Every structure is written in structure tokens, then in C-alpha cells.
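Working notes for the structure below.
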Amino acid sequence: MGKPYGRILLKLSGEALMGNLGYGIDPKVVQEIAAEVAEIVKSGTQVAIVVGGGNIFRGVKASAAGMDRATGDYIGMIATVMNALTLQDCLERLEVQTRVQTAIAMQEVAEPYIRRRAIRHLEKGRVVIFGAGSGNPFFTTDTTAALRAAEIDAEVIFKATKVDGVYDSDPHVNPQAKRYQTLNYVHVLTQDLRVMDSTAIALCKENNIPILIFDLSVRGNIQRAVMGESIGTIVGGFCEVS
């Protein structure tokens, strides 16, 4: 077990919030995620969260159906704010102070994103949830996670998924698929492993921010990750491919 992380950025996909539902938000799943986040906040780790919106709307999918891509992406950004506010409500019912900051001005429901204010909130033990992506169309919430992690000096990005790491092939198709313990950025990019999109990986590489990919559905995994336990797959600049 390694040293506990002091400041992390947790990347949640919108799909993670819908559980086994085909669409929308599963309150039970959000409550479980909030409970895990509350545990690590109370242990002293500073937590920022970037949440996606794919459980409600996907700009890329809408674009494929004929919608203007930029318009679709803006609608997707608004969907992420819905998820952020839902997560905020669950956290605050657990007595965790929380702030939602959005890249698109929504002053009635959230603060505008201001880097120094976000860092100050973290220093005071508040969870900061970043909504509305980066505020720009054509950029994913993965890229937003890498960007915000760099801006707030996060030690690591936790990419919470529905699988227990990164494999060399689809484990649902190939029973012999190998799960990587460690990877480096170059291997992820050259092998197109789709850990995060290439822009996000490049940002992490330039700023030397490691990425831990792990299974969110296993209760306690966020706490294990914060404590430095060996779970999932870690991507970093000095990691060997293993």
C-alpha cells in the first residue's frame, strides 16, 4: 500500500450514474457514490469531480443523427450540470460541503468556474464538482478532467468505469484478454487503447498526471484507490507496460 493521495480528481461518466437503467439517473447508485466520496473527504483527501452527461444526452450521437455538432455538445454540457447538481444534493445530505462550478454561466444554480476559487474550496475541505465540460464544443469530459486536474494540481485522475482496468482486447469477447497492471502514455496512444481520448492522454502526459482506471461498481474501490492499493490499471510517464 502506498501513501494516501492528498488531492484527486474523480472522473465519473454519465453512464455510471444510471446504474442498470437504460436512461437517466439511478438515485441509489448516486447515493452509493456519494457515500464513498464522503468517506474519503472525511479522511482528509481533497476531492474534485468531473461528471459526464451520456446518461441523458450525447452530442456525438445527436450529430450522427443530423444535429449540428456544436449544438449537440452544448446540450450535452447542460446534461452534465443536471448530474452535478444531483451528486451535490446527495453529498450535502451526507453533510459534505460541496460546490458546483460550471464552464457555462448558470449563476442561479452554480458558481462560474474560477480556478483560484476552486482550489480555495478544496483547501477548505469542500468537494468541487465541475459541470458543463470545458465550456467548448468538440471537447469531451475526459479532456475536461485532464484540464481541470492540471489546473488544480491534482496528484492523480481516477477514471471510474464499469470494468476493472485496461485490457489488450475486449474481455467480453476474448476470455484470454490480458489486463494491464501498468501502462505508459505512449503505449496507450500508439495502441489506441481508448483509456481516455487522445487529447486527454496528451494533456496528462505533458503535465505528468497519472491516471488510475478502476471498477466503480465494487464497493470501497474509491477508498482503496485513495490509499494507494494496487487495483485497476495505472497509466503514467514512468510506468512499464505490464
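Coordinate-derived values only; no laboratory data. Source: prediction; values computed, not measured. Cβ coordinates were reconstructed from backbone atoms using ideal geometry, including for glycine residues, and neighbour counts include every protein chain displayed.
Overview of values
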{"item": "Along the chain, longest interval not containing exposed GluC sites (Glu not before Pro), exposed being DSSP loop plus at most 14 other Cβ atoms within 10 Å", "result": "109-228"}
{"item": "Computed label-point distance, nm, for sites E155 and E229 using a 7 Å Cα→Cβ extension", "result": "1.7 nm"}
{"item": "Cα shape, the stretch 139-242, gyration tensor, a/c 1.5 rule", "result": "oblate"}
{"item": "Length gained when the stretch Q31-F138 is fully extended (0.36 nm per residue, less Cα-Cα span)", "result": "35.4 nm"}
{"item": "Debye log10 I(q)/I(0) at q = 0.07, 0.12 Å⁻¹ for the chain, Cα point scatterers", "result": "-0.21, -0.64"}
{"item": "Computed FRET value (nearest 0.05) for V60 with E92, which takes r as the C-beta separation and R₀ as 30 Å", "result": "0.40"}
{"item": "Value of relative contact order over the chain, rounded to a whole percent, pairs C-alpha under 8 Å and six or more apart", "result": "23 percent"}
{"item": "Loop-located chymotrypsin sites (Phe, Trp or Tyr not before Pro) in the stretch 136-183, at most 16 other Cβ atoms within 10 Å (DSSP)", "result": "F138"}
{"item": "Long-range HN-HN contacts of V100 with modeled amide H, under 5 Å", "result": "E111, I129"}
